[in-house]
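Below you'll find the structure, written out as C-alpha cells, and then a few comments.
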C-alpha cells in the first residue's frame, strides 16, 4: 500500500484525493528570497535540464497556490510570456519561457491567499482572504492532480504548521544570503518525510524531493 501511494504522489495524482506539493528554489542557508524579494541568484547560470524537469513537473499539476507577493510577480509576467523558438538561448525571466510552463500557469486554476487583494485579474484565479487551511483540506479531498504551491513563503509556512503539505520539491542553490524570507518558520510539529528523488545539475543546484512517510 505504501509503495502504491508513493507512486501516485510521484505522478501528481492520488486515488483518495489530491496531494499538496511545495515547490521552491532555496539557498543553502534556507532562504526562498533575499532582501527586497531578490531572486537574482536563481537565474544566474540556470541549467537547461533543470528547466526541462520543472516544465515537466508543472505540466502535471492541477492547481497552483500563491501568496500575494508571489502572485503579483507571476501575474505581471506570465500572461505575456512568449514561448521559446527553436534555437533560442535559455534566458529565464527575460520574456520567453518553456511553453509547457506558460500553458500550465495561464490555463490552470489558481488560488491566492491575501487579506488585501480585492480582485485577481489573472485568468482562473480565486482570492482567499482567510481560512486557507480549510480551503486546502477541502481541495485535498477532491480527486485530481496535485495542488502546487509556487514559492510563497507565507503559504508554505501556514500549511506546514497545519500539517497539510505532502511533498517538498526543493531546488537547493549553492549560495548563502544571510537574510531574507526563510522556507520554514517556528510552530511546526514533527512531521516525517522520506527522500524520493535526488538530482544534481551542472550549475551546482541539487534537486531533492521529500514525500510524507505513509504507514504500511
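Just so it is clear, none of the values below were taken in a lab; they were calculated from the coordinates. This one's a predicted model, so the numbers in the text were calculated from it and none came from an experiment. All Cβ positions, glycine included, derive from the backbone under ideal geometry; neighbour counts span all protein chains shown.
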If you look at just the Cα atoms of the stretch 80-180, how large are its Rg and its Dmax in Å?
16.3, 46
Just from its helices, what would the mean residue ellipticity at 222 nm be for the chain, if runs of 4 or more DSSP H residues each count -39500 (n - 2.57) and the sum is divided by every residue, rounded to the nearest 500 deg cm²/dmol?
-8000 deg cm²/dmol
If one computes the Cα centroid of the stretch 124-168 and of the stretch 20-40, what distance in Å separates the two points?
18 Å
Which value in Å does the Kirkwood hydrodynamic radius of the stretch 148-216 take, with 1/r averaged over all unlike C-alpha pairs and then inverted?
13.5 Å
Can you sort 39, 147 so the residue with the fewest Cβ neighbours within 10 Å comes first?
39, 147
Rounded to two decimals, what ratio of Rg to Rh does the stretch 99-148 give with C-alpha atoms and a Kirkwood Rh?
0.99
Residues of the stretch 19-56 with backbone nitrogen within less than 17 Å of a virtual label 7 Å along the Cα-to-Cβ line of residue 163, please, listed as ranges.
20
Where both partners of a DSSP beta bridge lie in the chain, what percent of those bridges are antiparallel, to the nearest 5?
40 percent
Using a 10 Å cut-off on Cβ atoms, rank the peptides 202-214, 80-92 from the highest mean neighbour count down.
202-214, 80-92
Cα extents of the stretch 51-111 along the three principal axes, largest first (Å):
34, 23, 16
Can you sort 186, 70, 196, 24 so the residue with the fewest Cβ neighbours within 10 Å comes first?
186, 196, 24, 70
Report the Stokes-Einstein translational diffusion coefficient (µm² s⁻¹, integer) for the chain, Rh taken as the Kirkwood radius over Cα pairs, at 25 °C with viscosity 0.890 mPa s.
138 µm²/s
Row for the stretch 7-133, column shape: gyration tensor on C-alpha, a ≥ b ≥ c, rounded if a/c < 1.5 i.e. under 1.5, prolate if a/b over b/c, else oblate; value rounded
Most exposed to least, judged by fewest other Cβ atoms within 10 Å, 195, 117, 111 sort to 195, 117, 111
